[in-house]
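Values quoted throughout were computed directly from the atomic coordinates according to the rules given, and no laboratory measurement underlies them. Keep in mind that this is a model prediction, so the values were computed, not measured. No Cβ is skipped: glycine too gets one built from the backbone with ideal geometry, and neighbour counts run over all protein chains shown.
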Amino acid sequence: MTIPITRVRLAAGGMVLLLVGAAAGYGLSKLNSPATPAPPSTSAGRQVLYWYDPMVPSQRFDKPGKSPFMDMQLVPKYADEAGADAGVQIDPARIQSLGVRLAKAEPGRLPSEITAPGVIDFNGRDLVVVQARAAGFVQRVHAHAPGDIIAAGAPLADVLVPEWGGAQTEFLAVRRTGDAALIAAARQRLALLGMPAGLIASVERSGRPQTVVRITTPGGGVIRTLSVRNGMTVSQGQTLAEISGLGSVWLNVSVPEAMAGQVRPGQAVTVTLTAFPGEQFAGRVSAILPEAAAESRTLTARVELLNRGGRLRPGMYGQATFAGAASPALLVPSEAVIRTGRRTLVMLAQPEGRFRPAEVQVGREAGDQTEILAGLQAGEQVVASGQFLLDSEASLAGVQARPIPSTSPAAARPTAYETTGRIERLQGRSITLSHQPVPALQWPAMTMSFTLANPTLAEGLKTGDQVRFAFDQAGGVPTVRRIAKLDTPR
């Protein structure tokens with residue numbers, strides 16, 4: 001079959017057009033396809049690893065722009081910031097917008113006053129128990145009830161004691177004989193039966209037996225319990241009433257465990273009560289109870305207060321301030337301290353807008369300031385606001401915290417002083433010593449309390465022992481570092 005030349009030419013032209021169109025389509029597809037990823041850009045010669053939002057530092061972006069989380073621009077993370085000891089760097093122009101506020105570690109004087117809450121309770125040492133001295137029958141109960149305040153010598157009940165009637169009759173019969181020895185023996189028998197001296201004297205004066213005895217209170221106060229009723233039978237030694245005195249009361253103060261070492265028996269305390277605003281009551285620590293409360297991690301300090309006029313009522317709430325002299329210390333704002341549980345950190349401000357965590361050892365805290373025992377030097381700047389954001393970024397960047405510098409024992413410890421003395425009291429980590437003069441401190445011979453650096457130092461020692469000891473004044477608190485018993489001459 002013969003194909004016309006015209007049709008062959010048309011087919012060839014179509015193939016050319018098809019090839020041209022395919023080539024054009026390939027070119028357009030190359031123009032519209034995504035570009036091959038470029039390496040991270042650089043800024044002023046510094047290689048950018050990624051961009052991030054300082055408020056969400058865990059989220060990373062491969063290009064700059066606006067944060068999807070906050071109304072702010074993303075911040076670049078540079079390659080030269082990745083060193084473990086370089087810290088994190090923030091553009092100085094952005095420090096204020098991030099709320100970063102700096103403060104200096106400065107020497108100062110930290111008040112050693114402690115304020116803690118407490119509740120008034122009865123004085124447990126001022127408790128009177130009224131008991132029946134002999135078996136009998138209650139004939140009358142005077143109008144009293146638990147909670148009543150009564151005076152000393154107030155009547156509680158009239159009790160018939162049959163046993164005493166026979167003994168009194170025998171005593172009166174012997175008395176009529178005029179034999180002094182027999183009379184004295186009979187009187188002694190009445191006393192051994194439990195008769196009060198006043199009742200025996202009354203029988204002698206009247207010459208008649210008195211079998212109904214009025215029981216009175218030996219001391220005044222509040223009736224805590226009253227277990228005597230009309231018509232009941234009482235046995236010898238049975239408790240009829242318990243009376244708590246109100247001449248003095250206890251304020252049981254809950255002292256935080258971390259501050260318990262600053263409280264000691266005999267320490268002066270100023271108390272304010274919600275019931276009497278504007279008034280202050282003076283007292284002293286009479287005891288520190290040996291057991292800590294597991295729920296609140298507090299120790300109970302017992303403060304004894306005089307109760308003039310009976311104004312202080314058990315159950316009242318108060319605040320106790322334990323007196324103490326201010327001592328020198330290196331201080332930072334308490335808000336700058338980051339407690340992780342395993343260690344304590346601050347964010348240290350370095351030149352060129354860099355920040356690095358630094359491990360510190362903290363001491364006492366008063367008001368809004370915290371004592372730094374180690375890890376900082378005076379004049380160094382720490383972050384007082386915004387430190388948690390910086391600490392999070394430092395953790396993500398793998399920045400290591402600056403450790404507490406190691407120091408030689410001579411540099412780490414204050415000057416030690418040595419003298420001899422006699423142990424007057426030992427209680428836990430507190431030791432009271434009557435010591436000889438300490439010329440280096442211009443101290444005369446006196447009796448004072450020290451803190452034991454370790455409770456085991458007092459093992460084998462007791463009150464009255466003559467000892468030689470060495471102490472320093474770390475943190476302003478006299479602390480015994482070494483102590484040994486002196487051999488007493490035979």
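Some notes on this structure:
- A Förster distance of 25 Å, applied to the separation of the beta-carbon atoms of Ala154 and Leu193, puts the FRET efficiency at 0.55.
- Distance (nanometres) between label positions extended 7 Å along Cα→Cβ at Met72 and Gln473: 4.8 nm
- Normalised contact order of the stretch 413-485, rounded percent, pairs of Cα under 8 Å and 6 or more residues apart: 34 percent
- Remark on Gln369: its backbone amide H falls under 5 Å from those of Ser334, a criterion applied only to residues 5 or more positions apart or on other chains, H modelled at 1.01 Å from N.
- Counting beta carbons within 10 Å around each of Met347, Met195, Met259, Met232 and listing the fewest first gives the order Met232, Met259, Met195, Met347.
- Rounded FRET efficiency, nearest 0.05, which uses the C-beta distance separating Ala282 from Leu461 and R0 of 41 Å: 0.75
- Tensor-based shape of the stretch 129-242 (alpha-carbon gyration tensor, a/c under 1.5 rounded, otherwise prolate or oblate): prolate
- Stretched out straight at 0.36 nm per residue, the stretch from Tyr50 to Thr270 would grow longer than its current Cα-Cα span by 73.3 nm.
- Couplings 3J(HN,Hα) for the stretch 254-268, derived from phi with the Karplus relation 6.51 cos²θ - 1.76 cosθ + 1.60 (θ = phi - 60°), are 8, 9, x, 4, 5, 10, 5, x, 8, 10, 9, x, x, 5, 6 Hz, where x marks Gly and Pro.
- Backbone geometry of the stretch 208-221 corresponds, through the Karplus equation with coefficients 6.51, -1.76 and 1.60 at θ = phi - 60°, to 3J(HN,Hα) couplings of 10, x, 10, 8, 9, 10, 8, 8, 10, 8, x, x, x, x Hz, x marking Gly and Pro.
- A simple count of charges around Gly266, restricted to other residues whose Cβ falls under 13 Å of its Cβ and scoring Lys, Arg +1 and Asp, Glu -1, yields +2.
- For the stretch 129-242, averaging the sequence separation of C-alpha pairs within contact (under 8 Å, six or more residues apart) and dividing by the residue count gives a relative contact order of 50 percent.
- Given +1 at the Cβ of Lys and Arg, -1 at the Cβ of Asp and Glu and no other charges, the dipole of the stretch 139-257 around its Cα centre is 460 debye to the nearest 20.
- Tensor-based shape of the stretch 413-485 (alpha-carbon gyration tensor, a/c under 1.5 rounded, otherwise prolate or oblate): oblate
- Modelled label positions at Gln59 and Leu306, each set 7 Å beyond Cα in the direction of Cβ, lie 6.8 nm from each other.
- Subtracting the Cα-Cα distance of Arg214 and Asn230 from 0.36 nm times their residue separation leaves 4.4 nm of extension gain.
- With the simple model of a label 7 Å out from the Cα in the direction of the Cβ, Gln262 to Leu441 spans 2.0 nm.
- Gyration tensor (alpha-carbon) shape descriptor, the stretch 243-363, a/c threshold 1.5: prolate
- Using R0 = 60 Å, the C-beta based FRET efficiency linking Glu424 and Glu170 works out to 0.60.
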